[in-house]
Amino acid sequence: DRFVDLVQEGFDIAVRSHFAPLPDSELVERRMSVERITLVAAPDYLARRGIPREPEDLKHHDGLLTGPSATVWRLRHRDGREAQVALGSSFVADESIVLLKAAVAGLGVVCAPETMSADARVAGTLTHVLPEWEAGTVWTTLLTPHRRGQLPAVRAVIDFLAREGG
């Protein structure tokens, strides 16, 4: 889970999840998926702390954050309205899976890619918070150094990842 230089380090393929367009490079890009980042929390946490009805209500909740300075969430409603909310932090981690487990444990509200929270939502251990709002978008892109001279096995892996991951 680190940013690699494919050419310098001799990698054939990289899969990158990113929140903004990747910088221009000589790499060949193939977008695999685009998904919403939604807010989720455990039902027992919401029963204790109340269900937010508007983004401003989040200031009374504990945020599960990606960093100590990431205390402001920028949200967008389906109708185009935008809101910024400053949250208190009850837990900080730079790994989405850890943050989701903290949410399941009832520690607060987390922003996470929709597919990452899907199983927990189906199981009832997490539920959407402010379902009409999203906290951005995450793109997953497959990168390769070049097509020329690419081994058939590498091409097969790329095709498989694009088919199954997209």
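Table for the structure above
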read-out	value
Residues located in the range 91-104, provided they are surrounded by 16 or more Cβ atoms within 10 Å (Cβ to Cβ) and either not in a helix (DSSP H, G or I) or not assigned by TED's automatic domain parsing to the domain that holds Arg53 (or both)	Phe91, Val92, Ala93
Output for the range 1-42, where each listed residue is of a type in the set (Asp, Glu) and over 26 Å from Val98 (Cα atoms)	Asp5, Glu9, Asp12, Asp24, Glu26, Glu29
Asp119 over 20 Å from Gly50 (Cα atoms) and part of a loop (DSSP other than H, G, I, E, B)	no
Test: residue in the range 117-131 that is at pLDDT below 95, surrounded by 14 or more Cβ atoms within 10 Å (Cβ to Cβ) and out of contact with any Leu (no Cβ under 7 Å at 6 or more places or on another chain)	no
Extreme residue, surrounded by the fewest Cβ atoms within 10 Å (Cβ to Cβ), among residues of the range 2-45 that are under 14 Å from the mean Cα position of the chain (by Cα) and not in a strand (DSSP E or B)	Ala20
Any chance Asp57 is outside any loop (DSSP other than H, G, I, E, B) and at pLDDT 95 or above	yes
Residue list for the range 51-89, restricted to those being surrounded by 12 or more Cβ atoms within 10 Å (Cβ to Cβ) and small (Gly, Ala, Ser)	Gly63, Ala70, Ala83, Gly88, Ser89
Scope the range 54-71; condition touching a residue at least 12 places away in the same chain (Cβ under 8 Å) and either under 15 Å from Trp133 (Cα atoms) or out of contact with any strand residue (DSSP E or B) (no Cβ under 9 Å at 6 or more places or on another chain) (or both); matching residues	Glu54, Pro55, Glu56, Leu58
Where Arg48 falls short, out of the listed (1) surrounded by fewer than 12 Cβ atoms within 10 Å (Cβ to Cβ); (2) touching a strand residue (DSSP E or B) at 6+ places or on another chain (Cβ under 6 Å); (3) not in a strand (DSSP E or B)	(2)
Some residue of the range 144-153 being out of contact with any helix residue (DSSP H, G or I) (no Cβ under 6 Å at 6 or more places or on another chain), crowded, with 17+ Cβ neighbours inside 10 Å and at pLDDT 95 or above	no
Cβ-Cβ under 6 Å pairs, at least 6 apart or on other chains, the range 15-38 side within 24 Å of Ser117 (Cα to Cα) and small (Gly, Ala, Ser), far side in a strand (DSSP E or B) and at pLDDT 75 or above	Ser17/Val138; Ser17/Thr140; Ser33/Thr140
Filter result for Glu134 (among the acidic types (Asp, Glu) and surrounded by fewer than 18 Cβ atoms within 10 Å (Cβ to Cβ))	no
Residue count, the range 105-116 (criterion: outside any helix (DSSP H, G or I) and free of Cβ contacts under 8 Å to residues at least 24 places away in the same chain)	0
Residue list for the range 126-144, restricted to those being among the hydroxyl-bearing types (Ser, Thr, Tyr) and over 14 Å from Val28 (Cα atoms)	Thr127, Thr137
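The values are calculated or read from the model by the stated rules, or taken from the named source; none is laboratory data. Worth saying up front: this structure is predicted, and the values here are computed from it rather than measured. Ideal geometry is used to build each Cβ from the backbone, glycine not excepted, and the neighbour counts take in all protein chains shown.
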